[in-house]
2 protein chains.
Amino acid sequence: MGHLHVPLLNKITLFEGLPAATLARIAEAAGVQRFSNHGFLFREGEEPDFVYSFLEGGIVLVSGAEGHEAVIEFYGPGESVLLPAAILGMPYLLSARASSDGQALLVPASKLRALMNEDAALAARCARVLSQNWRALITQIKEIKTHGATARLAHFLISQADRSKGPATLVLPGMKKEVAQRLGIKPETFSRTLKKLRAFGVECDGDAIRIASMERLTALVDTLPA
Amino acid sequence: MGHLHVPLLNKITLFEGLPAATLARIAEAAGVQRFSNHGFLFREGEEPDFVYSFLEGGIVLVSGAEGHEAVIEFYGPGESVLLPAAILGMPYLLSARASSDGQALLVPASKLRALMNEDAALAARCARVLSQNWRALITQIKEIKTHGATARLAHFLISQADRSKGPATLVLPGMKKEVAQRLGIKPETFSRTLKKLRAFGVECDGDAIRIASMERLTALVDTLPA
DNA sequence: GCATGAGCTTGACATAGGTCAAGGCCGGGA
DNA sequence: TCCCGGCCTTGACCTATGTCAAGCTCATGC
């Protein structure tokens, strides 16, 4: 846990807009950790020692036994994970596996909890970030409960695309297998569904996707039954 | 928005353990609203004017068009809903429909936001409650992605039961139709699955359920394939 | 350069769960 | 009291998605 430059903290959404004094106190206690692709940063059931925020690279949150796991969500640069476990001091519900090489900023959970109780700005910031996380999960649950595989995949592609009109591109945030499980379907179904979308202007080369027309894809979603 | 007794606030988990001064300021701005069964307290897309906390009775959070809706979760006395929308000042992602007559405590969203920025105890409390909400949703997503209808129903019954050993009872927190959708299945499937569980000591009379042996039901879950 | 294996695709087939349609049951209103 | 309309159950049938089993392709290490 070295001496850290405050500017690093500015890359993290969680710490956005906090007063300099607060940032300084966080920086004091924080450290940086490198991680490499496919490695686990932490596992389900462990006690939360840190909040992880990503400076570079990303991870995928998974749960369950290897080979039979559910993928919850992908996280990348600027984002933080497992704030809830750290705040409550309860065991992680999920494991994090790196989906690329990268580095994370680690803030000790105990330090964060202590600061939150004194510093309204920090606590309020945490509440806002948690609120956004909550909304993201709600969106995912609605999606799973109301749409079939095709619509889910289409929505996902739309949400990841770099533009919202005309042609767009994106690169999948993890292995196809992982994206499939994020969507709640099997890799085989993912593959077949993606193929179906070719008829609607979705081309795929490795983990890069090209969407010929966002409008066309959006229109497709409305057409779909479930 | 009348003059309110602070003791009412003590019934709400969200406000647990807050200093008297904070409670007084919240009470000042809060009001009570009665609602009756099947009525909507608010609808998806509306601007968040209040945080709702339930003193009596409960609601079900739903989304989507009537007749084609997804049920997200049930909430009852002591619990609060839509803190995230209120904190962020963004439109509700969900609608709330009463699942019984009751009354709710309403705290203006603007007031809550203002207080949070000054009062670390309140902000930290919000963060903790949001953290718990987050974990509940994660549990639900894991459940949907990794278990079939039978296991999901069994888990749900276990989570609602009044005891964790031996025989137990529970009453469903809403119409069977709603519980089904909460579990991500259709009412017909719910009915059939519940019937299957009869072979494992689950009896059902209206919305009251009797579980002959929690151990037996727990054991069943492990047996199940998906 | 070749063998190896992970990740992906494809096909044939199986099945959980959805859909459609008919009652049964029960409670509220005339 | 009877009728009507929700809600739930049941049965027959259908389909989206999962399962199993080859292949294919590409990167890696020998």
Treating cross-link reach as a plain straight distance, find the lysines whose alpha-carbon is under 23 Å from the alpha-carbon of A:Lys186, omitting any fewer than eight places away in the same chain.
-> A:Lys142, A:Lys145, A:Lys176, A:Lys177, A:Lys195, A:Lys196, B:Lys142, B:Lys145, B:Lys186
Honestly the range A:139-187 on the Cα gyration tensor test (a ≥ b ≥ c root eigenvalues; a/c under 1.5 rounded, otherwise a/b vs b/c for prolate or oblate) is just oblate
Run down the lysines and flag those whose C-alpha is under 27 Å from the C-alpha of A:Lys111, throwing out any fewer than 8 positions away in its chain.
-> A:Lys11
Assign one of three labels to the protein assembly as shown, namely rounded, prolate or oblate, based on the Cα gyration tensor with a ≥ b ≥ c the square roots of its eigenvalues; rounded applies when a/c is under 1.5, prolate when it is not and a/b is larger than b/c, and oblate otherwise.
-> rounded
Please report the base-10 log of the normalised intensity I(q)/I(0) for the range B:147-223, using a Debye sum with one equal scatterer per alpha carbon and no solvent, at each q in 0.17, 0.20, 0.25 (1/Å).
-> -0.55, -0.79, -1.29
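Work out which trypsin sites (Lys or Arg not before Pro) in chain B are exposed loop sites (DSSP not H, G, I, E or B, at most 11 other Cβ within 10 Å) and give the longest gap free of them.
Result for the longest clean stretch: B:1-162.
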Of the residues B:Leu4, B:Ala29, B:Leu88, the Cα lying farthest along the dipole of the protein assembly as shown towards its positive end, which is defined by charges on the beta carbon of Lys, Arg, Asp and Glu, belongs to B:Leu88
Where GluC sites (Glu not before Pro) fall in DSSP loop in the range B:7-51, at most 16 other Cβ within 10 Å | B:Glu16, B:Glu46
Over its Cα atoms, what ratio of radius of gyration to 2.2 N^0.38 Å does chain B give?
-> 1.10
Taking a label point 7 Å from Cα toward Cβ, how far is B:Ala65 from its twins in the other copies, in nm, shortest first?
-> 4.2
Rounded if a/c under 1.5, otherwise prolate or oblate - the range A:1-133, Cα gyration tensor axes | prolate
The range B:105-123-the range A:52-77 distance, computed between alpha-carbon centres (Å) = 33
Computed helical MRE - 222 nm, chain A, DSSP H runs ≥ 4 contributing -39500 (n - 2.57), nearest 500 | -13000 deg cm²/dmol
Treating cross-link reach as a plain straight distance, find the aspartates and glutamates whose alpha-carbon is under 12 Å from the alpha-carbon of A:Lys165, omitting any fewer than eight places away in the same chain.
-> A:Glu215
Enumerate by residue number the chymotrypsin sites (Phe, Trp or Tyr not before Pro) in the range B:17-98 meeting two conditions: DSSP loop (anything except H, G, I, E, B), and at most 13 other Cβ atoms within 10 Å of the site's Cβ.
-> none
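Quick note: the coordinates plus some simple rules give every number you see, no bench work behind them. None of the values given here were measured: they were computed from a predicted structure. Glycine also receives a Cβ, built like all others from the backbone with ideal geometry; neighbour counts cover every protein chain displayed.
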